[in-house]
Amino acid sequence: MNEKNVSTEEKKSIFKKWWFWVIAFIAISIVVSSLNDSKEKMQPIIPQSEQKTEPTTTEKTNPTPVIEKTKVPLTPTKKETATTVNTPAPQTDRANMLVILKANASAKWGTNYEMVKYEYDNQVVAYDWVMAQTTYPDIMTKAKQKWGNNYEMVKYEYNNQVEAYKSL
């Protein structure tokens with residue numbers, strides 16, 4: 001009889017073992033937990049200060065444009081009949097340009113503050129480099145006209161044009 005008891009215990013289905021159900025419960029818990037974590041990661045995290053949908057009249061918004069607009073009069077009358085033309089902002093002193101560069105980076109990257117800082121820092125370095133260049137002023141003028149306040153691209157354009165000019 002002892003042999004029969006041992007053989008029936010060995011033949012028990014795996015579903016009747018207590019440790020199987022413990023392992024199954026733990027596995028299911030891990031899967032459900034990971035699904036919840038992935039759903040939370042997919043939802044953007046918005047700071048409470050930015051969750052408002054409409055600004056109130058007491059809040060100030062930053063109306064700094066990326067590109068300044070210049071009014072070009074169509075007729076020389078007192079009545080203001082004008083059209084707007086997108087032109088790069090005129091060259092200003094460094095402090096004003098830093099404000100413009102910050103506004104441009106914020107407009108480009110929104111609330112991705114790491115990218116805003118990265119863009120701003122790169123633009124400031126490029127701006128300082130561009131302002132320090134004195135050779136080939138014609139090439140620099142054309143690069144500034146083409147790229148406006150994007151000083152990384154002004155620097156890139158200038159370097160490429162100077163390299164091409166020197167190779168001639």
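Bear in mind these aren't lab numbers, they're just calculated from the coordinates by the rules spelled out. Not measured: the values here are computed from a predicted model. Here Cβ is always computed from backbone atoms with ideal geometry, including for glycine, and neighbour counts include all displayed protein chains.
Here are a few things to note about the model shown:
- Cβ-Cβ FRET estimate between F15 and N36, R0 fixed at 30 Å, reported to 0.05: 0.60
- Taking a ≥ b ≥ c as the square roots of the eigenvalues of the Cα gyration tensor, region 100-168 is prolate, since a/c reaches 1.5 or more and a/b is larger than b/c.
- Modelled FRET efficiency - R0 25 Å, T135 with N160, Cβ distances, 0.05 increments: 0.95
- Exposure proxy ranking, count of Cβ atoms within 10 Å, fewest first, for L98, L35: L35, L98
- Sorted ascending by nearby beta carbons within 10 Å, beginning with the fewest, I28, I139, I100 become I28, I139, I100.
- Net charge of Cβ neighbours under 10 Å - reference M140; Lys, Arg +1; Asp, Glu -1: +1
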